[in-house]
Amino acid sequence: MKRHYLVFETGALEKTVYPLLETTTIGRGSSNLIPLSDPTASRNHAKVHYYEGSWVVEDLGSTNGIVFKGERVGKISLSPGDMFQIGKTSFSLVEREIDEAEETLQTTLEFYSPASLAGTDRRSVRLMDVISKIPFFASLQETEREELAEDATMHVFNAGEMIIREGDSGRSVYIVLDGRVKVFTRDDGGNELHLATLGVGQFFGEMSLVSGKSRSSSVAALELTVLVELSYASMAKVIDQNLGVKEVMEEYHQARKQDTLDKLAKMGLTKSELLP
């Protein structure tokens, strides 16, 4: 089966993705399913809806209209990869083929339906299901999972795109909701050294969160990949309030650090920043 996503291509929300599950309105007004802060967008600017086998973007009588391939349009049927502009914000339509075997996990993508931005239970229920499957979140109470869900952000990356780079600052944790990523480092000659491949339901980034150090490896998408990002601020709050979460995260941190050191040792290398 196929799933479709609307992706911000420009602006502060670049890479943020919204699964298209229903008619989705876009505009400056807070009642829209995708609200924009862009002053050049009208209060009720456009809607994206499914019609006769394809997703259609349609103007709702806005001042500046919808721009598609350099021209203003009133309504246009979208194909995967198509881009359109509303005010100063550009969007693209992404299509993803979902294997039936993955469907149970893929339904978790629905938590980030644009409707969820209005604070419906739909988002929280789906994301809390994802969170509950991560080992160091197993002991969280429902209210704590809800708080994490409210702070989460979804991103999409195309095959080959970098998600984090070795040496970068940043302490967010990422969960793979769709696709696969590779974790790697480079030797002194710049050659890529593979450390791990992560798929649906797996996570990365916790090493920097626990250690406070810069990213110890790079991560890139192997295919079209959808990630949920949990910020350092929201994670730190959970850790401070839950000793069990902190202990399990420390265990994962030590295990992954040792695994990385062991793999590097087999290649005749080491990382001083990972040593005690």
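The values are calculated or read from the model by the stated rules, or taken from the named source; none is laboratory data. From a predicted model like this one, the values you see are computed outputs, not experimental measurements. Reconstructed Cβ throughout: ideal geometry from the backbone, glycine too, with neighbour counts over all protein chains shown. Side chains included, ligands, DNA and RNA excluded: accessible areas come from the protein's heavy atoms. Shrake-Rupley method; radii C 1.70, N 1.55, O 1.52, S 1.80 Å.
Sorting 174, 232, 50 on solvent-accessible area from highest to lowest, probe radius 1.4 Å, gives 50, 232, 174.
Given a 1.4 Å probe and the protein chains as shown, residue 248 ends up with an accessible area of around 40 Å².
Whole-Hz Karplus values for region 134-141 come out as 8, x, 7, 9, 4, 8, 5, 7 Hz, taken residue by residue from phi with 6.51 cos²θ - 1.76 cosθ + 1.60 and θ = phi - 60°; glycine and proline positions read x.
Accessible surface of residue 259, taken over heavy atoms with a 1.4 Å probe and every protein chain present, rounds to 70 Å². The Rg/Rh ratio for region 130-173 is 1.06, where Rg is the radius of gyration of the alpha carbons and Rh is the Kirkwood radius.
With the Kirkwood sum run over all distinct C-alpha pairs, region 1-83 has a hydrodynamic radius of 13.2 Å. Test of understanding: express the Cα radius of gyration of region 48-98 as a ratio to 2.2 N^0.38 Å, with N the residue count. Here the Cα radius of gyration is 1.14 times the empirical estimate. Taking label positions 7 Å along the Cα-Cβ direction at both residue 269 and residue 188, the computed distance is 1.2 nm, reported to one decimal. Dividing the alpha-carbon radius of gyration of region 227-266 by the rule-of-thumb value 2.2 N^0.38 Å gives 1.47. Residues whose amide H comes within less than 5 Å of that of residue 66, counting only those at least five positions distant or on another chain, are 73 (H built at 1.01 Å from N in the peptide plane).
Around the amide H of residue 40, modelled in the peptide plane, lie the amide H atoms of 88, all under 5 Å away and 5 or more residues distant in sequence or on another chain. When a/c is below 1.5 the answer is rounded, else prolate if a/b is larger than b/c, else oblate, so apply that to region 142-271 with a ≥ b ≥ c taken from the square roots of the Cα gyration tensor eigenvalues. Because a/c hits 1.5 or more and a/b fails to exceed b/c, region 142-271 counts as oblate.
Rolling a 1.4 Å probe across all protein chains gives residue 71 an accessible area of roughly 120 Å². Each Lys and Arg contributes +1 and each Asp and Glu -1, all at the Cβ; summed about the Cα centre of region 179-268, the dipole is approximately 100 debye. Here the Debye sum runs over all C-alpha atoms of region 131-208 as equal scatterers in vacuum, and log10 of I(q)/I(0) at q = 0.28 Å⁻¹ comes out as -1.57. Once the Cβ-Cβ distance of residue 83 and residue 233 is raised to the sixth power relative to R0 = 30 Å, the FRET efficiency obtained is 0.40. Model label sites at residue 71 and residue 51, defined 7 Å from Cα along the beta-carbon direction, differ in position by 1.7 nm.
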